Amino acid sequence: MIIGIVGKPNVGKSTFFKACTLSNVEIENRPFVTILSNHGVGYVKVECIDKEFNTQCNPSHGFCINHNRFVPVDIMDVAGLVPGASEGKGLGNKFLDDLRQADVFIHIIDISGGTDEKGKPMPQGEIRDPAKDIEFLEKELDMWYYNIFMKVWKGFARKAEMENANFAEAVAKQFSGLKVNEYQVKSVLLNLNLSGKPSLWSEKNIMKFASHLRKHTKPMIIAANKVDLKNGRENYQKLRADFPNLNIVPCSADSELALRQAAKSGLIEYIPGEKDFRILKKLNEKQKQGLEKIKENVLDYYVGGTGVQSILNNAVFGLLGYIAVFPASANKLGDSKGNILPDCFLLPKGSTALDFAYFLHTDFGKNFIKAIDARTKRALGKTYELKHRDALEIITR
C-alpha cells in the first residue's frame, strides 16, 4: 500500500510529508522545491491490544506510545501539479507517472488562499478561492486516466470484443500498471450502465468511464492545510458548504511538524493525533510562545488536533478500508526472542483467517488447521472474516 501526496506547488506537501515521516526533505516557500518524488515511512495509529493483556508491547516495526500503536505505511510525495499537467506542463507527465504506484491520494490544498494556481504567493490583499484547486486537480487526474485509456482504447476494446473476453478482466489486465483490478472495473461498469460495445463508445463515455474508475481506484481525501493562517477557518467552512460530499479535513502540517520535532528532541511528550502535549524540559521564551500558539490556534480548536494523523488514518482505514490485525497467542504474547506483541499488520477489509495465514507465510496457509482468538481462546475456521484489532494465533499441521 502506498499513500500518494498530491497538490499544486507550495501548499505544504513536503511539510506534510516531513511531519508524517520526519524525513530530511527540503522545505521552502516557493514552487517546485520538490522535483523528484520523495518516499518515506509514515504511521497509522491503532489502539494497541497490549493494555487488554496488562502488558507493554515492544514492536519490531513502528512504535507504541501509551498503548497507542503506530503501524508503518509507505508515503510518496510528488512534485506539485499545475493546470495542464496531464498535457505535460510543469513536467506533469513524469509526476503523474509516479502516482501510478499510489493506492490512495491525500490532496493538500492551501486553505488560506495564499498561493495562486502555480503556487506563487498571491498579490498583497488578494486570496485565491481554494475550491479552484480542488476542481483543477480533479480535472487533471481525470484527464491523466483518460489520456492513458485513449492511447489504446479502440484497438484494445475491439480485440476484447472479437475474442469474447471478459471486458472487466481485460481492462484490469491492460491497465494493471494503474493498480486497477477486475472487481473495481465491474463496479464502475455496473454503476454507469454504459450501453453498446466499448469500441463504439463516444469520447464522452470513455471520459466518464475513466473519471469514475480513477475515483474508484485512487480514492482521495482533501487536507485543508494552513487552516491556522489568516482566512483559513473561514475558507474551510465555505469549502465544506460548497462540497458537502467531499472528504475534507482541516490541518496544520507546520504545527504537527513542530510538535513531532519537539517530541523527538525530548522537549515535550506528544502522541500524534492527540489534542495536547506535556512539557518535559524548561523551554526558552520563543519555544514556549510557539507551543502556546499551536495549542490555542490548532489543538484547542479542532477535534482532530493538527489533522495530520487523522488524515493518514482516514486514508488507510476509511478510504482503503484496511484493518489492523495482531499475530498473538493466548498463552504466549512474545516471540522466540521475547518481544511482546512485536507485529501488527494491515490487511484489506474482508480478509479471512486463511488470508491472514497466507499473509504471514505460505506454509501457514497451506497447512492451516484453525485460528485461535487470543482474547477468548475460541477456535476459528478458515472462512472467519477478520475484524479490526483482532488478535489471532494460526495453528498448522
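Odds and ends about this structure:
- When we screen N231, N235, N225 for residues that are assigned by TED's automatic domain parsing to the domain that holds F105, touching a strand residue (DSSP E or B) at 6+ places or on another chain (Cβ under 6 Å) and crowded, with 16+ Cβ neighbours inside 10 Å, the only hit is N225.
- Residue among I111, I148, I127 that alone is surrounded by fewer than 21 Cβ atoms within 10 Å (Cβ to Cβ) and touching a Leu at 6+ places or on another chain (Cβ under 8 Å): I148
- Within region 271-288, residues that are in contact (Cβ under 8 Å) with a residue 60 or more places away in the chain and surrounded by 14 or more Cβ atoms within 10 Å (Cβ to Cβ) sit with their Cβ atoms under 6 Å from residues that are assigned to a helix (DSSP H, G or I) and not β-branched (V, I, T), at 6+ positions apart or across chains, in these pairs: P272/Q309; G273/Q309.
- For R240, the conditions (1) assigned to a helix (DSSP H, G or I); (2) in the same structural domain as N147 (by TED's automatic domain parsing); (3) without any contact (Cβ under 8 Å) to a residue 60 or more places away in the chain are fulfilled apart from (2).
- Taken as a whole, region 90-99 holds at least one residue that is closer than 23 Å to V249 by Cβ, touching a helix residue (DSSP H, G or I) at 6+ places or on another chain (Cβ under 9 Å) and at pLDDT below 95.
- Meets criteria (of a type outside the set (G, A, S), outside the structural domain of D103 (by TED's automatic domain parsing) and assigned to a loop (DSSP other than H, G, I, E, B)) for D276: no
- Exactly one residue out of I340, I372 is within 23 Å of K51 (Cα to Cα), in contact with a Gly (Cβ under 6 Å, 6 or more places away or on another chain) and among the aliphatic types (A, V, I, L, M), and it is I340.
- Where a residue in region 337-359 is surrounded by fewer than 19 Cβ atoms within 10 Å (Cβ to Cβ) and of a type outside the set (A, V, I, L, M) and its partner, wherever it lies, is part of a helix (DSSP H, G or I) and modelled with pLDDT of 95 or more, with Cβ under 6 Å and at least six apart: Y358/G365
- The set of residues in region 257-270 being free of Cβ contacts under 8 Å to residues at least 12 places away in the same chain and crowded, with 19+ Cβ neighbours inside 10 Å consists of Y270 alone.
- Taking first residues from region 55-79 that are in contact (Cβ under 8 Å) with a residue 12 or more places away in the chain and partners that are basic (K, R), the Cβ contacts under 6 Å between residues at least 6 apart in sequence or on separate chains come to H67/K51; N68/K45; F70/K45; D77/K13.
- Against the list (1) over 27 Å from I108 (Cβ atoms); (2) surrounded by fewer than 17 Cβ atoms within 10 Å (Cβ to Cβ); (3) of a type outside the set (K, R), the condition G177 fails is (1).
- Residue pairs whose Cβ atoms lie under 7 Å apart, sitting 6 or more positions apart in sequence or on different chains, and linking a residue in region 294-314 that is farther than 17 Å from I2 by Cα to a partner that is surrounded by fewer than 17 Cβ atoms within 10 Å (Cβ to Cβ), are L299/K275; L299/D276; G305/K275.
- Residues of region 309-343 classified as among the hydrophobic types (A, V, I, L, M, F, W, C) and either under 18 Å from the mean Cα position of the chain (by Cα) or part of a helix (DSSP H, G or I) (or both), total: 9
The values are calculated or read from the model by the stated rules, or taken from the named source; none is laboratory data. On a predicted model such as this, the values are computed, not experimentally measured, just so you know. Quick reminder, even Gly has a Cβ in these numbers, built from the backbone with ideal geometry, and neighbours come from all protein chains shown.
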